[in-house]
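Notes for the one structure printed next.
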Amino acid sequence: MRKLFGTDGVRGTANIHPMTAEMALRIGAAVGRYFRRDASGVHRVMIGKDTRLSGYMFESALTAGLTSTGMNVLLMGPVPTPAVGLMTRSMRADLGVMISASHNPAEDNGIKFFGPDGFKLSDSAELELEALIENGVEPAQTANIGRAKRIDDARFRYGERVKSSLPKDIRFDGLKVVIDCANGAAYRAAPEILWELGAEVVPIGVSPDGVNINDGCGSTHPQAAAEAVVAHGAHVGICLDGDADRVILIDENGKVADGDQLMGLLASRWAEQGLLTGGALVSTVMSNLGLERFLNDRGIGLERSAVGDRYVVERMRSGGFNLGGEQSGHIVMSDYATTGDGLMAGLHFLAEMVSSEQKASLLAEQFQPVPQLLKNVRFKAGQTPLEVEQVQDAIQGAEQALNGQGRLLIRKSGTEPLIRVMAECEDEALLNKTVDSVVDAVSIAVTI
């Protein structure tokens, strides 16, 4: 079992273990040694970050650890997470690092890793890294210490790659688009790319100050964008999260559409055009049952994975699928990107609006979701509420109540200290009753 790595890298509150400068230094040295397997040739690592204040601290600490093992570090500054995967492969780097806690509040931060192929690391690789971090590594000889430099064109390279994923004749002239960048990593790239493609851009969440990332804006707080869409008479809204690897859409009426609806649209259109490889979409156990029914009615399969976009990608790669994602808005189009890309997915939605000449409200509601309820219970370090007998009894009782009428999913979050309780059921009274019974039991367990 991994102790340090979660669903998406290492994450936590800045200046509290494991997200301390000292630990970042150890992590940098360990991954530098792991990916610099020989002393010959040039070894380089790409480092990107979002706009959190603590990003400066972790960027410096990681750079110190990496250069101590002979890695040359190329600092990209604030860029979306998918840009790191892209640049790692494009620059023939040994390693890519993204400093971000994604949708988490500003006081948190995290470190995500990409291998030389641009894909996130496997569980087995992370286990090996944990051993190196714990045991420490020998630094490079003095003459072999690495160098660090900043590069200025990472955002431009990313933008060109994103635009190249669209049909060459697609333009967004006449479309008024609200883009909410969550005061995060895409605060410059996203509005620029939309403008270059011809859209009239209404930007919000583009004034980062180090502490306002995801604060009342972005994909986890789409209300601000919804209000802006209505106020400005925009055709659509695109909400990104702090590192821009997920997207939530807003139609012209201010209604929110999640990743399931966007995946349903893309999968059905790609299948019609003969572009959907493997005949299936890959999503997680969290995706709505309504999406599965919608796809099955069109002869499209739904492959489910564990929660986390890297598990989606692993299933896509093993099964030869080219479209996947999560209800939360990670949309992975592996023909063009190695990880979830919120902006790219949003642009493909705009392209569908242009090519079909349909409003966002028609495209963003592909199916009627089965009623779904998700509640979270926060727990403290060291607590294991799911192992408490009363909680296990409550879960068993809820499963029996839903038997044949719905499904129940209980899991520990891989990015926050939360127990997530989710259920789906056509009977909303039963849905609320079963979820609340488990939430109440977990709430009591964490207060004991």
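The values are calculated or read from the model by the stated rules, or taken from the named source; none is laboratory data. Predicted model, so just to flag it, every value in this text is computed and none were measured. Glycine also receives a Cβ, built like all others from the backbone with ideal geometry; neighbour counts cover every protein chain displayed. These area figures cover heavy atoms from the full protein model, side chains too; ligands, DNA and RNA do not enter into them. Shrake-Rupley method; radii C 1.70, N 1.55, O 1.52, S 1.80 Å.
What to note about this one:
- Residue-count net charge about Gln392 - beta-carbon cut-off 15 Å; Lys, Arg +1, Asp, Glu -1: -3
- Once the C-beta distance of Asn296 and Asn253 is scaled by a Förster radius of 41 Å, the resulting FRET efficiency is 0.90 to the nearest 0.05.
- Options Ile27, Ile16, Ser268, ranked by Cα towards positive dipole end of the chain, top entry (Cβ charges): Ile27
- Correct choice for mean projected area of the Cα convex hull in nm² that was computed from the model, options [x] 30.0; [y] 21.4; [z] 25.6: [y]
- Above-threshold pairs, the threshold being 27 Å between Cα atoms, out of Lys120/Lys168; Lys255/Lys412; Lys255/Lys380; Lys120/Lys163; Lys112/Lys255: Lys120/Lys168; Lys255/Lys412; Lys255/Lys380; Lys112/Lys255
- The calculated P(r) of region 246-321, using every Cα pair and 10 Å bins from 0, goes 19, 51, 27, 3 in percent.
- By the helix-only formula, in which each DSSP H run with n ≥ 4 contributes -39500 (n - 2.57) and the sum is divided by residues, the chain has a 222 nm mean residue ellipticity of -11500 deg cm²/dmol.
- Positive minus negative residues near Leu323 (Lys, Arg vs Asp, Glu; Cβ under 11 Å): -1
- Of the residues Ser60, Ala228, Gly397, the one whose Cα sits farthest towards the positive end of the charge dipole of the chain is Ser60 (charges of +1 on Lys and Arg Cβ, -1 on Asp and Glu Cβ, taken about the Cα centre).
- Remark: region 121-132, residue by residue, has Karplus-estimated 3J(HN,Hα) of 6, 7, 4, 5, 5, 5, 5, 5, 5, 4, 5, 5 Hz, where x stands for each Gly or Pro and the curve is 6.51 cos²θ - 1.76 cosθ + 1.60 at θ = phi - 60°.
- Accessible surface of region 259-344 [probe 1.4 Å, protein heavy atoms]: carbon and sulfur percent: 45
- For the chain: accessible area per residue (Å², 1.4 Å): 41
- Scalar couplings 3J(HN,Hα) for region 379-395, obtained by applying the Karplus form with A = 6.51, B = -1.76, C = 1.60 to θ = phi - 60°, are 10, 9, 4, x, 7, 10, x, 6, 8, 6, 4, 5, 5, 4, 5, 5, 5 Hz; x denotes Gly and Pro.
- Region 376-448-region 1-32 distance, computed between alpha-carbon centres (Å): 29
- Taking Lys and Arg as +1 and Asp and Glu as -1, the other residues whose beta-carbon sits under 10 Å from that of Pro78 total +2.
- Taking packing as the residue-averaged number of other Cβ atoms within 10 angstrom, the listed peptides 319-328, 208-217 run from highest to lowest as 319-328, 208-217.
- Heavy-atom surface analysis with a 1.4 Å probe gives region 44-164 a carbon and sulfur content of 50 percent of its accessible area.
- With the highest mean first, a sort of the peptides 243-250, 152-159, 114-121 on other beta-carbon atoms found within 10 angstrom per residue produces 243-250, 114-121, 152-159.
- Each peptide in 359-370, 69-80 receives the mean, over its residues, of other Cβ atoms within 10 Å, and ordering these scores from highest gives 69-80, 359-370.
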